[in-house]
Amino acid sequence: MKFLPEKYTIADETMIPFIDEHEINKYLENCIPTMQIIKDIISKSLNKQRLSLSETAYLLNAEDPEMINAIKNGALELKKKIYGERIVLFAPLYVGNLCTNNCAYCGFKASNKSVKRETLEKNELIEQVEILEDNGHKRLILVFGEHPKYDANFIADSIRTVYSVRKDKGEIRRVNINAAPMEIEGFKTIKESKIGTYQIFQETYHPEKYSEMHISGKKRDYNWRLTALDRAQEGGIDDVGIGVLFGLYNWKFEVMGLLRHVNHLEAVYNVGPHTISFPRIQNAYNLDIDKSYLVSDEEFIRLVAILRLAVPYTGLILTAREDKKVRDEIIRFGVSQIDGGTNIQMKGYSQKNNKQNLDEEQFIINDNRTLEEVISELMNQSFIPSFCTACYRKGRTGEHFMEFSVPGFIKRYCQPNAILTFAEYLEDYSSELTKEIGYQLISNKLLEMDDNNFKDSLIQKLEQIKQNQRDLYF
């Protein structure tokens, strides 16, 4: 098999823009797949090797139903082989919605005067965290608008506050953030606050479309945003997340842009992103975009499956922008993290009325299930719900994470750690019915384990959890 040579690849240097529209389009124009090429690429991925730009382009150009089914089945097999049967759960928490940007697709755009602009005071932040802890959450992502108020010191203080909150048996063990780009010194500041993952989306990797979508504000600077994760790495944050907002431009170009970003981080920093997110454009206040690029459900499944094959060891995040039906379908094709019990309103977790107001929110949430309802559905699909934070807290991030994950660490250790955190949830927060079903699921998973010594150690830790010990992991 001969793939298109990687002759279009441009040089990667620290904090130098790396997206070449011509390069991406050349691959998409020239990589015309056959069934044999598709099979060979899938085989390479199943051998746990990351795909090249040309190989990914072949998958993206596959339109024959037989090829598409092969890609989907390959993604199903790869996910089970590497990740086992567990899904990590988290919750988003909006800390402030002040914003100086005007982005065509966003309800928080500065020109939207209907939005009540708020920033959580410390006591309000604590209140929201306590409610999330009462529901059983252990992992949060704090979301900040782009505004001078939300500088590195403010973000670092918010992270420290969240970690300090203890409600009964509850605690937040990992705080990720989604915030505007900053200078290297700013990243150093938030690194010191024990940040988990720093996440930032390019929104679209197409330079012309990016300029069209970002009308005014600092976010209009394409290159400043594109090189944000370079500065994060230079500031000591080696655990980063990338993403695009699918529906702004051609989805195949965007997948190639994501992979090019992965290539850049690996070439310059020897470690790719920890996660990739792929939200689809949804309704927002006064949405004014070209609807011709909206992604259908079938295309959405395809792009998730292709991403899973392209980057076997990168976590894929599916959000509650998608409804229950779509989430339950797509989760099988490679997703490793989802949010549950999500509310994106300011102070939303303490509000009894969760009715969404389109003119006051960044976007619409389409999966309004409680955390326990999401967990119940995961159990119905034989997934172990996970709140695990072991790798982060043991220092297994960035390059160190890859050292563990490539030999099969994820499946060997992450699923047992998932079981332990799930047992904590069953003991401390679930209904009796969920507890009964959950422990039966755990028993079934124990029967499938073939390492008796490891299984015995896991059973011992499960008994310790039942005796009120917490935060046990391998």
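Just so you know, all these numbers are worked out from the coordinates, no wet-lab data involved. Just so we're clear, the structure is a prediction, and the values are computed from it rather than from any experiment. Note that we place each Cβ from the backbone using ideal geometry, even for glycine, and neighbour counts take in every protein chain shown.
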Matching residues, region 113-125, being surrounded by fewer than 20 Cβ atoms within 10 Å (Cβ to Cβ) and out of contact with any strand residue (DSSP E or B) (no Cβ under 9 Å at 6 or more places or on another chain): LYS113, SER114, LYS116, GLU121, LYS122, ASN123, GLU124
Failed item, numbered, when THR14 is tested on (1) polar (S, T, N, Q); (2) under 30 Å from LYS219 (Cα atoms); (3) in a helix (DSSP H, G or I): (3)
Unmet criterion (only one of (1) assigned to a loop (DSSP other than H, G, I, E, B); (2) within 27 Å of GLU133 (Cα to Cα)) for PHE154: (1)
Number of the condition not met by MET67 [criteria: (1) within 25 Å of ASN47 (Cβ to Cβ); (2) surrounded by fewer than 22 Cβ atoms within 10 Å (Cβ to Cβ); (3) in contact with a strand residue (DSSP E or B) (Cβ under 8 Å, 6 or more places away or on another chain)]: (3)
Residue among ILE344, ILE317 that alone is over 15 Å from the mean Cα position of the chain (by Cα), of a type in the set (Val, Ile, Thr) and more than 14 Å from LEU378 (Cα to Cα): ILE344
Region 206-219, residues that are surrounded by 16 or more Cβ atoms within 10 Å (Cβ to Cβ) and under 19 Å from GLU254 (Cβ atoms): HIS206, LYS209, TYR210, MET213, HIS214, LYS219
Subset of region 248-271 that is free of Cβ contacts under 8 Å to residues at least 60 places away in the same chain and not in a helix (DSSP H, G or I) - its residue that is surrounded by the most Cβ atoms within 10 Å (Cβ to Cβ): TYR249
Hits in region 193-240 (condition: within 19 Å of ILE16 (Cα to Cα) and part of a loop (DSSP other than H, G, I, E, B)): ILE200, PHE201, GLN202, THR204, TYR205, HIS206, ASP221, THR227, GLY235, GLY236, ILE237, ASP238
Close pairs (7 angstrom Cβ cut-off, 6 or more residues apart or separate chains): without any contact (Cβ under 8 Å) to a residue 60 or more places away in the chain in region 16-44, among the polar types (S, T, N, Q) anywhere: CYS31/SER54; CYS31/ASN61; ILE32/ASN61; PRO33/ASN61
